[in-house]
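Here's the structure, in structure tokens; my notes come after.
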Amino acid sequence: MKVPMSSPNLNEADRQAVLDVLNTPVLSMGGHTTAFEKTFCDLTGAQHAIAVSSGTAGLHLCVRAAGIGAGDLVITTPFSFVASANVMLFENAVPVFVDIDPRTGNIDPALVADAAKNIDKYLPRLGAQHRFDNASAGSARRLSAAAAPKLKAILPVDVFGQPADMDAIHAVAQEHNLVVIEDSCEALGATYKGKLAGTFGDYGVFAFYPNKQITTGEGGVVITDDKKAADFMRALRNQGRAPGDTWLQHTHLGYNYRIDEMSAALGAAQMRRLDELIGHREQVAAWYEARLSEIPGVHVPFVEESTTRMSWFVYVIRFESRIERDEIAKKLEARGVPVRPYFLPIHLQPYMVERFGYREGDFPVTEDLGRRGLALPFSSVMSEEQVEYVCSALREELTRIK
């Protein structure tokens, strides 16, 4: 049986929305972008939404809007896609990692609180004194050892579609006067204590890669209630053009982070089906849980009580430590079942080790989940027959290993 790792859920209305744009001369910076942004204001109640080319672009704009720069510190998680840490490096800031909750995989709020009070204890070995590449100057610079690093923000990630413990994180941010950039790129439509993910921070960011809850092909959206920040981010996404600038005037150092009209039109069409699309993913997750819960040595995802709606992004199981995850993965791949380790810890990525001197053992919970986690095929168009095939293959391979 052919089982894709993921697949977008597209219908004729989605395809027609894109074709309608192609029948006009406006393929960028038009009304479809504005309409797509409005769907997020309507959904979340945010005053401003800024559509961009990717979730990474959105996070980067939030870092710029928050005034985070060279040597500044941001508390975040090492258990995420690398973009949530990279956006600090783009500005020569320092991601300060703290470990995670072993059940949810989300950042541990108790460690966030401790780091905010005792930041020196959590700085990487090479810390703010290490050399950073300064792309704007075309050369390397060394931050002064005498300069006290400043903690500016917290960047929690809603891992796999489950919101982080935002009440606790928000309390730390208020106590220490920190900005909160909520990375909800994996959690569109999820709720925490009845409130939508992405609405708890100063900024919230969503993303729409083809394996996400909705897709625009590539794309993202930032939401905020801060008009000044929203105006600044709109300028930065458009090559730094501020209101009043002509096409060849650029008030700010900006980027080409615009979303195109075809993507925006697709996104708006998908947003009309958001609840339906999340519902399909909930059904697939339920099929998996019913079958996998009966397999010894396999742990299904844990959903925290405060998660009043899980918006499933991927379906990641964990093996007991006695089971060799990579061996099982190879056997499943040989049977036509694509799987992925989720996540590889950010702090052990080669460039992070080289920059900051991280080692195995620095974040034991992150590393443990990174060794034992395996993402199974998952999408809103999976059939129950496909889920059964995946689970049967997994059960058989585990039995053979025994």
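The values are calculated or read from the model by the stated rules, or taken from the named source; none is laboratory data. Since the model is a prediction, treat every value here as computed from it, not as a measurement. Ideal geometry is used to build each Cβ from the backbone, glycine not excepted, and the neighbour counts take in all protein chains shown. What goes into the accessible areas is simple: the full protein's heavy atoms, side chains included, and nothing from ligands, DNA or RNA. Shrake-Rupley method; radii C 1.70, N 1.55, O 1.52, S 1.80 Å.
Reported count of residues in the range 285-295, each being open to solvent by 60 Å² or more (accessible area, probe 1.4 Å) and touching a Lys or Arg at 6+ places or on another chain (Cβ under 9 Å), is 1.
Residues in the range 372-394 that are open to solvent by 30 Å² or more (accessible area, probe 1.4 Å), touching a residue at least 24 places away in the same chain (Cβ under 8 Å) and either outside any helix (DSSP H, G or I) or not polar (S, T, N, Q) (or both): R372, V381, E384, E385, E388, Y389. Being open to solvent by 20 Å² or more (accessible area, probe 1.4 Å), without any contact (Cβ under 8 Å) to a residue 24 or more places away in the chain, acidic (D, E) and within 30 Å of M88 (Cα to Cα) is true of E354.
Here is the figure for the range 182-225: residues that are within 11 Å of the chain's Cα centre (by Cα), outside any loop (DSSP other than H, G, I, E, B) and within 15 Å of E37 (Cα to Cα) total 5. Looking only at residues of the range 357-371 that are small (G, A, S) and either open to solvent by less than 40 Å² (accessible area, probe 1.4 Å) or in a strand (DSSP E or B) (or both), we find that the one that is nearest to P8 (Cα to Cα) is G370.
To keep it simple, each residue is scored yes or no on (1) in a helix (DSSP H, G or I); (2) in contact (Cβ under 8 Å) with a residue 24 or more places away in the chain.
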site: A264; (1), (2): yes, yes
site: G267; (1), (2): yes, yes
site: L277; (1), (2): yes, yes
site: R281; (1), (2): yes, yes
site: A290; (1), (2): yes, no
site: P296; (1), (2): no, yes
site: V316; (1), (2): no, yes
site: I323; (1), (2): no, yes
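The residues on offer are L344, L348, L292, and the sole one that is on the phi < 0 side of the Ramachandran plot, more than 24 Å from the chain's Cα centre (by Cα) and not acidic (D, E) is L292.
One line per residue, one yes/no per condition, for (1) charged (D, E, K, R); (2) free of Cβ contacts under 8 Å to residues at least 12 places away in the same chain:
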residue	(1), (2)
H299	no, no
E305	yes, yes
W312	no, no
L332	no, no
R335	yes, no
P345	no, no
V365	no, no
G370	no, no
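Taking the criterion of being charged (D, E, K, R) and over 17 Å from V179 (Cβ atoms), the residues of the range 54-101 that qualify are D99, D101.
Among the residues of the range 235-255, is there at least one that is of a type in the set (F, W, Y), under 21 Å from T76 (Cβ atoms) and open to solvent by 10 Å² or more (accessible area, probe 1.4 Å)? Taking every residue of the range 235-255 in turn, none turns out to be of a type in the set (F, W, Y), under 21 Å from T76 (Cβ atoms) and open to solvent by 10 Å² or more (accessible area, probe 1.4 Å).
Every residue, every condition in (1) closer than 30 Å to F378 by Cβ; (2) modelled with pLDDT of 95 or more; (3) among the β-branched types (V, I, T), yes or no:
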site: A115; (1), (2), (3): no, yes, no
site: Q129; (1), (2), (3): no, no, no
site: A145; (1), (2), (3): no, no, no
site: V179; (1), (2), (3): no, yes, yes
site: C185; (1), (2), (3): yes, yes, no
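A search for C-beta distances below 6 Å between a residue of the range 240-257 that is more than 17 Å from T56 (Cα to Cα) and assigned to a loop (DSSP other than H, G, I, E, B) and any residue that is open to solvent by 60 Å² or more (accessible area, probe 1.4 Å) and of a type in the set (A, V, I, L, M, F, W, C), counting only pairs 6+ apart in sequence or on different chains, returns G240/L253.
Filter the range 304-320 down to the residues that are under 18 Å from the mean Cα position of the chain (by Cα) and not polar (S, T, N, Q), then identify the one that is most open to solvent (accessible area, probe 1.4 Å). Only one residue fits best here, namely R309. The residues of the range 203-258 that are over 19 Å from E91 (Cβ atoms), out of contact with any strand residue (DSSP E or B) (no Cβ under 7 Å at 6 or more places or on another chain) and hydrophobic (A, V, I, L, M, F, W, C), listed by number, are I214, A242, W247, L248.
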